[in-house]
Each structure stands twice: as structure tokens, then as C-alpha cells.
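The values are calculated or read from the model by the stated rules, or taken from the named source; none is laboratory data. Keep in mind that what you see is a predicted model, and the values were worked out from it rather than measured. Because the Cβ atoms are built from the backbone with ideal geometry, glycine has one as well, and the counts that use them run over all protein chains shown.
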Amino acid sequence: MEENKDEEILNAQEEESSEETEAEETAAAAEEAGETEETEEAAETEESAEAEEAAEDSDSKSAELEKRYMSLYAEYDNYRKRTQKEKENLYAEAVADVAKEFLAVIDNIDRAVTTAKDADENSIAKVIEGIELLGRQAGDILTKIGVVEIKAERGEKFDPNLHEAVMHVEDDDLGEQEIAMVFTKGYMYKGKVIRHVVVQVAN
């Protein structure tokens, strides 16, 4: 009987010890799981903080780039308006200068018209002389501002870059595609044709 009791006591002690071991293992596992969870939460928090910091940095860079863009755009817009204004002023000044040069010619034309109305056979020669003077005066003004006449004479070879043919004629004295007659003078400015010479072309 005593042996059975001792054996029961021993078994109970073993079971109690086993339960204590299991409890300790469970507690250790729970503690380890808790530490792991805390570590994961800390890692997630750190990643979230880094993501927020990266987003804030990106927003800051975007704002800085937008600010620089707006500044450059404002500078360009001001430059464009300023250069446009300068061009308009230069053009206005050029037109005014040319017009001023031709005012004297207009005055002389008015005088010539008045004189021609009162002209008789004895004074007609003076009227013609006055008109010729007006032509020379206008030519001098064109030369002064850089406009030059395109020279074209009978017998000269037709050049479509300088001449405009409005008529054709057969002429035994002229070769093929030679100028037979000049109807209207042509002019150019700094190598650019303002008006072609209007001509009659032979053969």
C-alpha cells in the first residue's frame, strides 16, 4: 500500500513538474511572440516615418521646382514683352524718320502742281525741270535709307529673281530672254527685293 502511495505521489509530482515546464514554455513563447510583434510594429512605424519623410521631401522639391519654373516664366514673359515693345518703338521710329524725309518731297510736289496749273508754253520747261528735280530728290532719300534701284536696261538678260515679265515680244535685234523694255523700276534693300523691275521680254 505504501509503495502505491509513494508511486502516486511521485507521479503527481512529475505531472506537476511537467505542467510547470509547459507553462514556462508557453510563457516564454508568448513573451517571444510579444517581442517579435513589438519589433514588427517598431519596424512598421520606422518605415511609415521614413515614407512620410520621403513624401515631405518630395513635396518640398516639387514646390521648389514649381517656384523656380514660375520665376523663369515670369522673367521670360517680361523679356518677351520688353523686346516686343522695343521692336514696336524701333519700327515706329523708322517709319517716322522715312516719312520726315519725304515730307519735303510732298511739299515740292504741291508747289509743282500749283506751278503747272499756271504754266504756259514759255514756262512748261521749268515745270518739267521741277518734276525732274523731285525725282532726283526722292531717289536721294531712298539711297540715304539704304534702298537702291535695280538696274535694268534693254538687251540685258532677264533674271526672274530681279525682273517680272508682263509682256513678250519678237525682236530680231535682241537675243532670247533679253529685256526689250522697262515699264517700272525695281528696288531692293540690303539684298532683299522690295519690288521687281517690270519688263517686256523678247523672243
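Quick notes
- Against the test of being within 30 Å of Arg136 (Cβ to Cβ), of a type in the set (Lys, Arg) and at pLDDT 85 or above, the options Lys100, Lys67, Lys87, Lys81 yield a single qualifying residue, Lys100.
- Residue check for Thr114: in a helix (DSSP H, G or I), of a type outside the set (Lys, Arg), closer than 30 Å to Leu134 by Cα and modelled with pLDDT under 85: yes
- The residues in segment 150-203 that are in a strand (DSSP E or B), under 25 Å from Val98 (Cβ atoms) and among the small types (Gly, Ala, Ser) can be counted, and the count is 1.
- Flag not set for His168, criterion: at negative phi, touching a Pro at 6+ places or on another chain (Cβ under 9 Å) and not β-branched (Val, Ile, Thr).
- Inter-residue pairs, beta-carbon under 9 Å, first surrounded by 12 or more Cβ atoms within 10 Å (Cβ to Cβ) and in segment 151-172, second among the aromatic types (Phe, Trp, Tyr), 6+ apart: Ala165/Phe158; Met167/Phe183
- Candidate set from segment 117-149 (those that are among the acidic types (Asp, Glu) and not in a helix (DSSP H, G or I)); member that is surrounded by the most Cβ atoms within 10 Å (Cβ to Cβ): Glu149
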